[in-house]
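The values are calculated or read from the model by the stated rules, or taken from the named source; none is laboratory data. Please read these numbers as outputs of a predicted model, since none were measured by experiment. Because the Cβ atoms are built from the backbone with ideal geometry, glycine has one as well, and the counts that use them run over all protein chains shown. What goes into the accessible areas is simple: the full protein's heavy atoms, side chains included, and nothing from ligands, DNA or RNA. Shrake-Rupley method; radii C 1.70, N 1.55, O 1.52, S 1.80 Å.
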Amino acid sequence: MLSVAEALDRMMRGFAPLGPERVMLPVALGRFLANGIDARWDAPAFDDSAMDGWAVRAADLEAASAEAPVRLRVGATCRAGERQASHEPGTAARIFTGAPVPAGADAVVMQEHVQVDGEAVTFRAPIRPGVNVRPRGSDLRAGQRLLAPADRIGPGEIALLASQGIAVVDVVRRPVVAIVSTGDELVELGEPMRPAGVHASNGYALAALVEESGAIARCLPLARDDLGQIEQILRDAVCWADVVISSGGASVGEHDRIRGALERLGARLDFWKVAIKPGKPLIVAWLDKRPLIGLPGNPVSAFVTFEIFVRPCLRRMLGDPAPFAERILVRLAEPHRHGTGRPEFARARIERLDDGSYRARLHPRQGSGAVVSLAGTDALVVLPADRSELTVDDLLVAARIGGRGSTTSPYV
Ligand code: AMP
Ligand code: MG
């Protein structure tokens, strides 16, 4: 049985960013660049005014003061979107924010600081050259590196790219994930319930986790505990999916068919057990470089093992250089007892206290069958394998469900 660290390490090694795809800018949100992008234009593209006011030659206002104001004749008018005007020395040009500063003027006086009467503008103070003028290229030069490969596209990056007229970018493609739920007892939502039937909830939960990770989920029809059927479904799925995830049938019961189906397919089995609670049966196999991941059928186990092992792999495929959730050290709100032997990943809610430390409130139902513990919780807290009595003073490792931003797993 592998430790969490060993299993994660072996698994992550097989995953790399997928190839690029070209998308329109808004679609790039949350994605990772496949290539670097350089500036196409100087920014600003011309000397422009940062204010509504009056463009002047600073030299014309050198002598201006409250006692001896300087009057300048009204000259050109410069509006945003109009070609650069020329500036006649000894005049003041009416100018609006974003308009090209007229050739010959070198400063803009805020309109609030002048007095206008008919044909003349009165200035009561000198101004330094350059004030309220944004020189061409002062933010960016054409050709300068804007964004590097693997940079994440957030709203700020979208703003920058759009300001450069860049409407199309190459980002790492999203993995397509096939989800196969297996079990003779499973009943599809909307189908009439059968005696001893179980609503097939894992497909929905896993699809939500996959989509939340940034990948594309494709749920297949329910599969029976039938070796031939499962083999065929997996064989088809690897043809079009980047990752195949199954739930159920991963342990060693006679109806647990996943391992057998993988063997018949000729997949290379990497491992099938991890020392973790809830979880344990977790099968990772490879067929023609395609990963097949067998999660336990137990809804809590499937959820937790996805969170710890599968999410970072999908994030890495998406090109995320920091695919793991960040580690948070927490103290429990109440003392807790748990079984030892394997580290237990407890579902919890964490809050940040005024002193900056974190407190975790474990869900009262921590049984591996307790689906109730999945709703309303936002973190997993690791209860150590070697100690059954935990106090409110123990510092424990935790991470937010759905987190990213770290280059190493919070749990190892
Ligand atoms: P298994 O891993 O196949 O032994 O299943 C373990 C437990 O999880 C059993 O109680 C199953 O009924 C349940 N289970 C398996 N698959 C699903 C599913 N897709 N949705 C909900 N429960 C499931
Ligand atoms: Mg089963």
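Observations, loosely collected:
- Test: residue in the range 204-213 that is within 25 Å of ALA261 (Cα to Cα), of a type in the set (Ser, Thr, Tyr) and either at pLDDT below 95 or within 16 Å of ligand 2 (Cβ to nearest atom) (or both): no
- Matching residues, the range 301-351, being under 30 Å from GLU21 (Cβ atoms), among the hydrophobic types (A, V, I, L, M, F, W, C) and either in a helix (DSSP H, G or I) or open to solvent by less than 10 Å² (accessible area, probe 1.4 Å) (or both): ALA302, PHE303, PHE306, ILE308, PHE309, VAL310, CYS313, LEU314, MET317, LEU318
- Filtering the range 153-203 to residues that are closer than 24 Å to ALA34 by Cβ and of a type in the set (D, E, K, R) leaves GLU157, ASP170, ARG173, ARG174.
- Number of positions in the range 76-90 that are assigned to a strand (DSSP E or B) and touching a residue at least 24 places away in the same chain (Cβ under 8 Å): 2
- Selection count, the range 162-213, where residues are farther than 30 Å from TRP41 by Cβ, assigned to a loop (DSSP other than H, G, I, E, B) and of a type in the set (Gly, Ala, Ser): 6
- Within the range 98-119, the set of residues being surrounded by 14 or more Cβ atoms within 10 Å (Cβ to Cβ) and without any contact (Cβ under 8 Å) to a residue 60 or more places away in the chain comprises GLY98, ALA99, PRO100, VAL101, PRO102, GLY104, ALA105, ASP106, ALA107, VAL108, VAL109, MET110.
- Enumeration of residues in the range 280-300 that are away from ligand 2 (no atom under 16 Å from the Cβ) and open to solvent by 10 Å² or more (accessible area, probe 1.4 Å): TRP286, LEU287, ASP288, LYS289, ARG290
- Set side by side, the residues GLU212, GLU263 differ, and just one is away from ligand 1 (no atom under 13 Å from the Cβ) and touching a Lys or Arg at 6+ places or on another chain (Cβ under 9 Å), which is GLU212.
Table: residues versus (1) assigned to a loop (DSSP other than H, G, I, E, B); (2) in contact with a Cys (Cβ under 9 Å, 6 or more places away or on another chain); (3) open to solvent by 30 Å² or more (accessible area, probe 1.4 Å).
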{"position": "ALA237", "(1), (2), (3)": "no, no, no"}
{"position": "ALA250", "(1), (2), (3)": "yes, no, no"}
{"position": "GLY260", "(1), (2), (3)": "no, no, no"}
{"position": "GLU263", "(1), (2), (3)": "no, no, yes"}
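- Test: residue in the range 35-42 that is closer than 30 Å to LEU282 by Cα, within 46 Å of the chain's Cα centre (by Cα), hydrophobic (A, V, I, L, M, F, W, C) and open to solvent by 40 Å² or more (accessible area, probe 1.4 Å): no
- Test: ALA45 is part of a strand (DSSP E or B) and open to solvent by less than 60 Å² (accessible area, probe 1.4 Å): no
- Just one residue in the set SER181, SER163 is within 16 Å of ligand 1 (Cβ to nearest atom) and either touching a residue at least 40 places away in the same chain (Cβ under 8 Å) or open to solvent by less than 40 Å² (accessible area, probe 1.4 Å) (or both); that residue is SER181.
- Scanning the range 398-412 for residues that are modelled with pLDDT of 95 or more and farther than 18 Å from ALA302 by Cα returns ALA398, ARG404, GLY405, SER406, THR407, THR408, SER409, PRO410.
- Filtered residue count, the range 369-409, keeping only those that are part of a loop (DSSP other than H, G, I, E, B) and either among the charged types (D, E, K, R) or closer than 17 Å to LEU209 by Cβ (or both): 13
- Of everything listed in (1) among the polar types (S, T, N, Q); (2) closer than 30 Å to ALA120 by Cα; (3) touching a strand residue (DSSP E or B) at 6+ places or on another chain (Cβ under 6 Å), the single unmet condition for ASN35 is (2).
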